[in-house]
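S.K.: To start, I am sharing the structure in question, which I have written as structure tokens.
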Amino acid sequence: MRWTRYLNRSICQNIPVLNSVLSSKQFSTLRYNTVKRLGKLVTMKIEKDAFQKVSTPELNVLSDLFKKYNYEIRIAGGAVRDLLSGKTPGDIDFATTATPDQMKEMFESEKIRMINKKGEKHGTITARINDKENFEVTTLRIDIRTDGRHAEVEFTTDWQLDANRRDLTVNAMFLGLDGTLYDYFNGREDLSNRKVCFVGDAASRIQEDYLRILRYFRFYGRIAEFPDSHDLKILSDIKENANGLKDISGERLWMEMKKIVVGNFAADLLTTMQQLDILKYLGFPENVNTNEVHKIWNRCKHLTPQPMTCAVSLLKTEEELTKLHIRLKLSNDEVRLGYYIIANRDTLPTEDSMKFIKDLFLDSLAHKEPKAKDKICELLKYEGQDDLLDQFKAWEPPKFPVNGRSLLDIGFKGGPKIQKTLDRLRELWKESNYTMTTEELVKIAEEMKST
């Protein structure tokens, strides 16, 4: 038994070597038969109340349909994890022994509409039941070949082989539609103990898809009880493979990072990621000030900040944000928010701060800053200004009482002088705490016209 465990571990650790000397079919058979012996199926019935969270008449229709055609179907992955944690899943994925062609034939025979044909090439068919609910059902798969970014797959009817290809034990469970839990890799116990473990050998799982490094930290934030209860061997494997992230697309990286930076233990996880040399492969500076990250996170975590609001705590300058944008392909709104916070953070005065924020907002409007109110709300979250944030949200901004037409009506000619005059009038209006009237401002403009 001891020799067998050593052989299995040795084979897993030398997968890259084996892959170079065996055909893809030989490699696939060797690898998956080996890993399969490492799993041990445990089944149990989950509490009826937990299953009721997802039970609907439409789901019953789906279940009866697969039974009728003698195909197995189970809830897979994250939805199972959420149900066991007492949460209602946001999205539910299903796995089946039926191939895509078999599912299409079945749904067509039963006159059930299928939507989103793009998923078919990945083995996913989406059925719409009773014109009320969509169900994404994916054929069981095994990875034939991986390159650290993508996997070449083939279909299977073996549930454990599909479980083998998943990243973490808590994501490798299945739930039958009769409430039976199928757990091959101790996922339920890991979830109960709030442990985040890879399926089998961590280094091998990471090398199949380096994005799993970030998925580890994302799920650690969701599951772990303490910020620093990592398995040191897992952290070592992550550090050794961190450079694999350099070839992952920015969009995929940012999708994971957006969840990490606003999740539990975000500051601690970002600090750990910095220590493991991960952040530099994501476009962040090599020397991140983790003390600043902790300071910002501790004062804004209860305010539901946007991901960019937290991420910018890792950046010192606009140039660093530009480099991050090039790497991660941020959205226009995210980039603008980042620039706005960098430009305006640490400028809030200790006295008359609400007046300062009002002026900042009105200046932003004058310069046609898009989504100015949202940006200032995020800036106040970044600064940890709870009371000021509430005041600003409740404030009804006054309207500047003059415009370019007002000046043209009193004899101004078009050109830069109009904008210069409006800017000066706006400053006077702000100084009056927004009380000056149209007549008062126009009178001042007439005096300025001749100067």
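The values are calculated or read from the model by the stated rules, or taken from the named source; none is laboratory data. Since we're looking at a predicted model, the values are computed, not measured. Methodologically, a virtual Cβ is constructed for each residue, glycine included, from the backbone with ideal geometry; neighbour enumeration extends over all protein chains shown. What goes into the accessible areas is simple: the full protein's heavy atoms, side chains included, and nothing from ligands, DNA or RNA. Shrake-Rupley method; radii C 1.70, N 1.55, O 1.52, S 1.80 Å.
S.K.: Please work out which residue is nearest to Lys68 (Cα to Cα), limiting yourself to segment 105-136 and to residues that are part of a helix (DSSP H, G or I) and either in contact with a helix residue (DSSP H, G or I) (Cβ under 8 Å, 6 or more places away or on another chain) or among the aromatic types (Phe, Trp, Tyr) (or both).
M.R.: Let us first name the residues in segment 105-136 that are part of a helix (DSSP H, G or I), namely 105-109, 117-122.
Filter once more, so that each one left must be either in contact with a helix residue (DSSP H, G or I) (Cβ under 8 Å, 6 or more places away or on another chain) or among the aromatic types (Phe, Trp, Tyr) (or both): 106-107, 120.
On the way: Met106: 10, Phe107: 12, Glu120: 22 Å.
Out of the qualifying residues, it is Met106.
S.K.: One residue is enough: does segment 150-170 have a residue meeting the conditions at positive phi and without any contact (Cβ under 8 Å) to a residue 40 or more places away in the chain?
M.R.: Here is the first cut: in segment 150-170, the residues at positive phi are none.
Checked against the condition, which is being at positive phi and without any contact (Cβ under 8 Å) to a residue 40 or more places away in the chain, segment 150-170 yields no hits at all.
S.K.: Could you check segment 303-383 for helices (runs of 4 or more DSSP H) lying wholly inside it with 3 or more residues that are open to solvent by 10 Å² or more (accessible area, probe 1.4 Å) and not β-branched (Val, Ile, Thr)?
M.R.: It comes to 318-328, 332-344, 353-366, 372-382.
S.K.: Going by the conditions given, is Thr272 in contact with a helix residue (DSSP H, G or I) (Cβ under 7 Å, 6 or more places away or on another chain), hydroxyl-bearing (Ser, Thr, Tyr) and open to solvent by 10 Å² or more (accessible area, probe 1.4 Å)? Write out each step before concluding.
M.R.: Working: in contact with a helix residue (DSSP H, G or I) (Cβ under 7 Å, 6 or more places away or on another chain): no; hydroxyl-bearing (Ser, Thr, Tyr): yes; open to solvent by 10 Å² or more (accessible area, probe 1.4 Å): yes.
Answer is no for this residue.
S.K.: To continue, here is another question. Looking at segment 74-93 only, could you name the residues that are open to solvent by less than 20 Å² (accessible area, probe 1.4 Å) and over 21 Å from the mean Cα position of the chain (by Cα)?
M.R.: Arg74, Ile75
S.K.: Inside segment 415-451, can you point out the residues that are more than 17 Å from Leu362 (Cβ to Cβ), among the β-branched types (Val, Ile, Thr) and outside any helix (DSSP H, G or I)?
M.R.: Thr451
S.K.: Tell me, yes or no, whether segment 295-303 has at least one residue that is in contact (Cβ under 8 Å) with a residue 24 or more places away in the chain and of a type in the set (D, E, K, R).
M.R.: Scanning segment 295-303, I find at least one residue that is in contact (Cβ under 8 Å) with a residue 24 or more places away in the chain and of a type in the set (D, E, K, R), so the answer is yes.
S.K.: Taking segment 183-240, which residues are over 20 Å from Leu276 (Cα atoms), small (Gly, Ala, Ser) and either out of contact with any helix residue (DSSP H, G or I) (no Cβ under 9 Å at 6 or more places or on another chain) or open to solvent by 10 Å² or more (accessible area, probe 1.4 Å) (or both)?
M.R.: Matches in segment 183-240: Ser192, Gly200.
S.K.: If a residue has to be closer than 16 Å to Asn134 by Cα and among the small types (Gly, Ala, Ser) to count, how many in segment 62-118 make the cut?
M.R.: Going through segment 62-118 one residue at a time, the tally reaches 5.
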